[in-house]
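Colleague: Sharing a structure, written as structure tokens. Questions coming.
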Amino acid sequence: MDTMTTLQNKVQDLEQEIQFYQDLVRELPISFHYEHPKLGKKAVKCKTIEISNIEPSNKPTVLTMDWKLEEEIQYVETFYNPF
């Protein structure tokens with residue numbers, strides 16, 4: 001395999017991995033706010049996912065989850081509704 005094919009395969013693998021993580025986050029039944037200052041990125045998930053840039057720094061990552069009892073009950077009801 002030549003270098004260009006190897007790089008194309010690596011890009012394809014990385015794109016699939018990104019899609020995997022995006023789908024996983026979309027399926028999570030919780031809202032959250034995640035900041036990764038070293039990468040200069042933050043993600044906020046409520047009903048949609050928003051990823052934006054922040055000022056890069058050496059601060060630690062921050063994850064805040066919003067556990068709302070009402071949402072959890074609705075999720076469980078939706079799951080068990082077919083039964």
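Colleague: Go through region 36-45 residue by residue and turn each phi into a ³J(HN,Hα) via Karplus (6.51, -1.76, 1.60, θ = phi - 60°); whole Hz please, and just put x for glycine and proline.
Modeller: Each residue of region 36-45 in turn: 10, x, 5, 8, x, 10, 9, 10, 10, 10 Hz.
Colleague: List every residue whose amide H lies under 5 Å from the amide H of Ile54, counting only residues 5 or more places away in sequence or on a different chain, with H placed 1.01 Å from N in the peptide plane.
Modeller: Excluding prolines and chain starts, which carry no amide H, the hits are Lys41, Lys42.
Colleague: Straight-line reach from Lys59: which lysines have Cα under 27 Å away, leaving out those fewer than 8 places along the same chain?
Modeller: Lys38, Lys41, Lys42, Lys45
Colleague: Please list, by residue number, every one of the trypsin sites (Lys or Arg not before Pro) in region 1-63 that is coil in DSSP and has at most 13 other beta-carbon atoms within 10 Å.
Modeller: Numbers: sites: Lys10, Arg26, Lys38, Lys41, Lys42, Lys45, Lys47; in loops: Lys38, Lys47.
In loop regions of region 1-63 (DSSP not H, G, I, E or B), the sparsely surrounded trypsin sites (Lys or Arg not before Pro) are Lys38, Lys47.
Colleague: Okay, moving on. For the chain, what does the relative contact order come out to in percent, with C-alpha contacts under 8 Å and a separation of six or more? Could you put the intermediate results ahead of the total?
Modeller: On the way: 84 pairs, mean separation 19.8, N = 83.
Answer for the chain is 24 percent.
Colleague: Under a Cβ-Cβ cut-off of 15 Å, what is the net charge of the residues other than Pro56 that fall near it, where Lys and Arg count +1 and Asp and Glu count -1?
Modeller: On the way: positive: Lys38, Lys41, Lys42, Lys59; negative: Glu35, Glu55.
Here the count lands on +2.
Colleague: What are the chymotrypsin sites (Phe, Trp or Tyr not before Pro) within region 31-69 that DSSP puts in a loop, where the Cβ has at most 16 other Cβ atoms within 10 Å?
Modeller: On the way: sites: Phe32, Tyr34, Trp67; in loops: Trp67.
Passing both the DSSP loop test and the Cβ count: Trp67.
Colleague: Leaving out ligands, DNA and RNA, what percent of the accessible area of the chain is carbon and sulfur, probe 1.4 Å? Intermediate results must be reported in sequence, preceding the final value.
Modeller: Values: 4280 of 7380 Å².
Result for the chain: 58 percent of the exposed heavy-atom area is carbon or sulfur.
Colleague: Using the heavy atoms of the protein chains alone and a 1.4 angstrom probe, what is the accessible area of the chain per residue in square angstrom?
Modeller: Details: 7380 Å² over 83 residues.
Per-residue accessible area for the chain comes out at 89 Å².
The values are calculated or read from the model by the stated rules, or taken from the named source; none is laboratory data. For clarity, every value in this text was computed on a predicted model and none was experimentally measured. Note that we place each Cβ from the backbone using ideal geometry, even for glycine, and neighbour counts take in every protein chain shown. Note: areas computed on protein heavy atoms with side chains; ligands, DNA, RNA excluded. Shrake-Rupley method; radii C 1.70, N 1.55, O 1.52, S 1.80 Å.
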